[in-house]
Amino acid sequence: MTGAQAPAWGDFTVTSSNPFRVNTLAAAIGALPFLPAVQAQSQDAANADAPRSGGQLAPITVQGEADTPYKAEKSASPKFTAPLVDTPKSVTVIPQEVIENTASTTLTEALRLTPGITFGAGEGGNPLGDRPFIRGYDAQASTFVDGMRDIGATTREIFNIEQVEVTKGPDGAYGGRGGAGGSINLITKAPMAENFTNATLGLGTDNYKRATVDGNWLLGDNMAFRLNAMAHDADVPGRKAVDNSRWGIAPSFTWGLNTPTRITLSYYHLQTDDTPDSGIPFMYGNRVPAGVTAIRPVTVDMDNFYGLANSDFLKNRSDVATARIEHDISSNLTFRNTLRYTASDQRYIWTQPDDSQGNVNDGLVWRRANTRTSGVHTIANQTEIFGKANLGGYEHSFTAGIELSREKADNGTYTITSTLGSRSTNSCGLGAGAPSGYTCTDLYNPNPYDPWTGSIIEGERANHFKTTTKSIYAFDTIKLSERWMTNLGLRVDDYKTRYFNATTDVGRNDTLVNYKLGLIYKPASNGSIYVSYGTSSTPANAFLGQGSESGSLTPGRGGVGPNAAELGPEKNRSLELGTKWNLLDNQLAVNAAVFRIDTTNARVTMPDNTYAMAGNRRINGFEVGFSGNITKAWQVFGGYTFLDSEMRNTGATTDVTKGQEFPNTPKHSASLWSTYSVTSDFSLGGGVFIVGKQYGSNGAVRRYIPGYTRFDAMAAYRINRNVSLQLNLLNLTDKRYFTSTYSTHYAAVGAGRAAILSVNLKY
């Protein structure tokens with residue numbers, strides 16, 4: 001490759017091999033033998049009588065009881081003012097133990113444990129990274145870290161995560177903009193009042209190598225330092241030429257552990273260097289035979305890769321700095337302030353197997369180059385006061401807060417030129433291979449190592465997105481009697497957003513008012529029956545150009561300009577009836593709910609090519625969930641979700657989409673992960689993940705991917721108190737399946753069978 005310009009990230013280059021990632025991994029692995037010595041030195045320096053209560057930084061219990069590690073009692077967020085069993089809303093907490101047992105390393109892998117969540121794919125200039133759909137709605141911009149929005153487009157890691165919390169249903173009262181189907185909150189690891197060092201080294205098939213370290217050291221009676229680090233390098237099982245490499249580090253320091261005033265400083269850095277997977281193209285393209293209304297991916301070898309290893313790359317970088325101050329005003333009242341700065345950077349050249357020109361009908365694939373160079377910078381401050389009080393003769397558990405944030409994104413593209421001209425040429429009239437400059441390849445036998453040559457020049461990040469938000473919110477759980485409780489929440493956001501470049505400058509200012517109402521009846525102390533109503537708002541520019549959004553301020557296709565005056569916030573409302581119980585002597589949590597979500601003024605494009613807030617969508621659903629112990633030795637985690645979605649109005653004169661399902665929304669999905677302790681030192685586990693058929697588009701001709709069932713297995717053996725082994729078999733039957741689809745062009749392929757052996761060290 002000639003003329004390529006590498007990103008200015010030190011050792012990161014636009015090449016297919018990267019010695020930096022190998023050296024980083026080797027360094028992390030090489031450090032493992034020295035961890036016991038480091039730990040011993042730390043313990044000698046610490047007070048021998050230091051408390052080992054395991055108290056967390058925040059006065060909120062993050063994990064469940066020690067003997068039920070799969071079961072969580074409370075959310076880590078003070079916005080949830082009651083235990084989960086008394087919270088009138090569907091909330092799934094994925095604890096660290098489940099994440100570790102399943103060998104999950106990314107957020108996407110962890111979320112597969114929660115039914116009702118599917119994943120969308122990127123396209124064109126849209127970012128590549130986590131794009132979860134919750135109850136049929138895109139939640140990419142509704143991802144939070146410790147309760148603060150994380151808008152950057154990236155693939156999120158798990159190495160510094162204590163647990164993952166999934167809130168389902170409109171939750172504008174909790175998080176502000178977005179959240180029509182729900183939101184995701186990642187709880188990070190914080191310093192604790194004890195000394196420990198945990199390390200894991202994993203080796204597996206497909207060149208899998210992973211090393212992690214989690215160390216916590218007391219530096220005095222009330223000070224602690226925690227360090228999490230990770231290095232990961234692996235090919236993707238069952239896919240040619242696709243690999244993932246990343247490393248990260250997350251130090252944190254706390255003053256004032258076990259005192260009324262606590263100050264925590266933390267930093268997080270993650271750097272990834274992946275080959276973006278181009279998936280499998282759909283049949284026909286723009287030459288669909290008469291009478292065909294549904295199209296699936298072409299039937300080819302599932303390991304076919306249509307990208308170009310000599311030019312494709314995906315590089316992400318994330319940096320997060322956080323300062324938190326907490327003060328216990330009294331035993332029942334706590335003040336907390338969190339200041340955070342986030343910077344994320346994404347660069348990629350991703351070859352998409354484009355089907356839009358009908359080349360697949362001729363056994364050819366156009367390697368369309370999608371490119372992106374983007375940076376996101378966010379500064380936010382959150383001030384909260386929470387606690388308990390007896391007012392008016394009733395018990396209150398409350399939280400009130402103010403949040404200020406400024407988010408800015410700058411996007412651009414690369415210019416790519418092959419030996420025969422621009423990669424934008426979409427015709428494969430010259431055939432595959434050398435005659436086309438390798439911009440076209442054989443549908444059935446693509447070669448990812450074709451000797452493509454050309455130039456790659458990074459362009460200016462000339463498209464700018466800026467959003468400023470001022471928010472105030474309050475939540476209260478009121479105990480009316482021994483049997484009745486009510487849960488109330490209100491949030492008001494002053495939302496100001498803008499898009500501008502050299503020729504366009506347009507913006508909006510909206511006031512978003514969202515609330516939640518819940519009534520809880522407790523027939524017994526260990527259970528509840530509830531009804532709740534909640535709202536959310538999705539304003540224009542909610543994704544800041546970091547995802548595929550219906551309310552973008554950028555000029556649209558067909559000559560439609562940025563008509564900002566017509567882009568009022570989409571409004572969503574939800575009604576939910578459910579029940580939650582702690583069974584088997586509080587060892588097992590079960591829940592069930594029926595719900596309806598309505599979007600009444602979705603943005604649509606009218607027949608005259610103007611915008612209108614006239615769309616209507618509805619989803620009815622049912623779900624059950626469970627987590628905890630059936631017996632002392634038998635643990636379970638999982639659930640089932642049914643989603644009946646319907647497009648009710650899209651504004652078209654002849655609305656062929658009316659009555660069709662939402663994209664990326666299967667009717668049925670289920671998951672079950674279970675472990676059984678055969679002896680005190682030996683345990684077996686396994687999981688099954690079921691996802692039904694899902695469409696990627698609406699219209700007269702729809703793209704879809706079939707449903708699938710995947711099986712995983714696990715075995716773990718504790719050699720002694722310090723060393724244990726864990727073997728994970730992923731996709732046990734080597735099922736060939738698709739995980740997601742974009743509305744057109746291609747479907748993403750699931751990973752094939754893999755085996756991972758991990759050595760866990762604890763001191």
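The values are calculated or read from the model by the stated rules, or taken from the named source; none is laboratory data. Here the structure is a predicted model, which is why all the values come from computation and not from measurement. Positions of Cβ are backbone-derived with ideal geometry, glycine not excepted, and every protein chain shown enters the neighbour counts.
For this structure, a couple of remarks:
- Residue list for the stretch 257-274, restricted to those being of a type outside the set (D, E, K, R) and in contact (Cβ under 8 Å) with a residue 60 or more places away in the chain: 257, 258, 260, 261, 263, 264, 266, 268, 270, 271, 272
- Count of the stretch 323-345 residues which are within 30 Å of residue 273 (Cβ to Cβ) and aromatic (Phe, Trp, Tyr): 1
- Conditions (1) closer than 17 Å to residue 738 by Cβ; (2) surrounded by 15 or more Cβ atoms within 10 Å (Cβ to Cβ): number failed by residue 673: (1)
- Residue satisfying all of: in the stretch 339-363; under 22 Å from the mean Cα position of the chain (by Cα) and charged (D, E, K, R); nearest to residue 742 (Cα to Cα) among these: 347
- In the set 439, 503, only one residue is at pLDDT below 95, over 32 Å from the mean Cα position of the chain (by Cα), over 28 Å from residue 176 (Cα atoms) and surrounded by 13 or more Cβ atoms within 10 Å (Cβ to Cβ); that residue is 439.
- Residues that are of a type in the set (S, T, N, Q) and either under 11 Å from residue 85 (Cβ atoms) or under 24 Å from the mean Cα position of the chain (by Cα) (or both) within the stretch 565-598 comprise 572, 574, 579, 582, 586, 591, listed in sequence order.
- Residue among 734, 712, 655 that is in contact (Cβ under 8 Å) with a residue 60 or more places away in the chain, of a type in the set (D, E, K, R) and not in a strand (DSSP E or B): 734
- Search result, residues across the stretch 628-677 that are farther than 30 Å from residue 718 by Cβ and among the aliphatic types (A, V, I, L, M): 643, 647, 652, 656, 670
- Verdict on residue 758 being more than 26 Å from residue 134 (Cβ to Cβ) and among the hydroxyl-bearing types (Ser, Thr, Tyr): yes
- Yes/no for residue 209 being on the phi < 0 side of the Ramachandran plot, in a strand (DSSP E or B), of a type in the set (Lys, Arg) and touching a residue at least 40 places away in the same chain (Cβ under 8 Å): yes
- Failed condition for residue 207, given (1) of a type in the set (S, T, N, Q); (2) surrounded by 20 or more Cβ atoms within 10 Å (Cβ to Cβ); (3) within 30 Å of residue 761 (Cβ to Cβ): (2)
- Restricting the stretch 442-473 to residues that are at pLDDT 95 or above and of a type in the set (Val, Ile, Thr), the residue that is nearest to residue 287 (Cα to Cα): 467
- Flag: residue 103 matches the condition of being in a loop (DSSP other than H, G, I, E, B) and at pLDDT 95 or above.
- Yes/no for residue 253 being among the aromatic types (Phe, Trp, Tyr) and modelled with pLDDT under 95: no
- Test: residue in the stretch 744-754 that is at negative phi and touching a helix residue (DSSP H, G or I) at 6+ places or on another chain (Cβ under 9 Å): no
- The stretch 133-191, residues that are assigned to a loop (DSSP other than H, G, I, E, B) and among the basic types (Lys, Arg): 135, 156, 177, 189
- Every residue from the stretch 677-694 that is closer than 20 Å to residue 114 by Cα and either out of contact with any Lys or Arg (no Cβ under 9 Å at 6 or more places or on another chain) or part of a strand (DSSP E or B) (or both): 685, 686, 687, 688, 689, 690, 691, 694
- Filtered residue count, the stretch 397-429, keeping only those that are farther than 25 Å from residue 458 by Cα, in contact with a Ser or Thr (Cβ under 7 Å, 6 or more places away or on another chain) and either at pLDDT below 80 or outside any loop (DSSP other than H, G, I, E, B) (or both): 8
- When residues in the stretch 506-551 are screened for being touching a Phe, Trp or Tyr at 6+ places or on another chain (Cβ under 8 Å), under 29 Å from residue 81 (Cα atoms) and crowded, with 21+ Cβ neighbours inside 10 Å, 9 of them pass.
- Among (1) among the charged types (D, E, K, R); (2) touching an Asp or Glu at 6+ places or on another chain (Cβ under 8 Å); (3) in a strand (DSSP E or B), the one test that residue 384 misses: (2)
- Filtered by the rule that a residue be within 23 Å of the chain's Cα centre (by Cα), buried (at least 16 other Cβ atoms within 10 Å of the Cβ) and hydrophobic (A, V, I, L, M, F, W, C), the stretch 290-338 gives 313, 314, 320.
To keep it simple, each residue is scored yes or no on (1) of a type in the set (D, E, K, R); (2) assigned to a strand (DSSP E or B); (3) touching a helix residue (DSSP H, G or I) at 6+ places or on another chain (Cβ under 8 Å); (4) modelled with pLDDT of 90 or more.
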position: 533; (1), (2), (3), (4): no, yes, no, yes
position: 542; (1), (2), (3), (4): no, no, no, no
position: 573; (1), (2), (3), (4): yes, yes, no, yes
position: 578; (1), (2), (3), (4): no, yes, no, yes
position: 585; (1), (2), (3), (4): yes, no, no, yes
position: 592; (1), (2), (3), (4): no, yes, no, yes
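- Among residues of the stretch 438-486, those that are assigned to a strand (DSSP E or B), within 30 Å of residue 504 (Cβ to Cβ) and among the basic types (Lys, Arg), counted: 2
- Tally of residues being free of Cβ contacts under 8 Å to residues at least 60 places away in the same chain and part of a loop (DSSP other than H, G, I, E, B) across the stretch 658-676: 5
- With respect to the conditions (1) in a strand (DSSP E or B); (2) of a type outside the set (A, V, I, L, M); (3) at pLDDT 80 or above, residue 601 lacks only one, and its number is (3).
- Test: residue in the stretch 327-339 that is charged (D, E, K, R) and assigned to a loop (DSSP other than H, G, I, E, B): no
- For the stretch 362-379, filtered to residues that are surrounded by fewer than 19 Cβ atoms within 10 Å (Cβ to Cβ) and touching a residue at least 60 places away in the same chain (Cβ under 8 Å), the residue that is farthest from residue 342 (Cα to Cα) is 362.
- Residue pairs meeting the criteria (Cβ under 6 Å; at least 6 apart or on separate chains; first crowded, with 23+ Cβ neighbours inside 10 Å, in the stretch 170-194; second assigned to a helix (DSSP H, G or I)): 179/172; 183/175
- Some residue of the stretch 621-643 being assigned to a strand (DSSP E or B), under 16 Å from residue 697 (Cα atoms) and of a type outside the set (Asp, Glu): no
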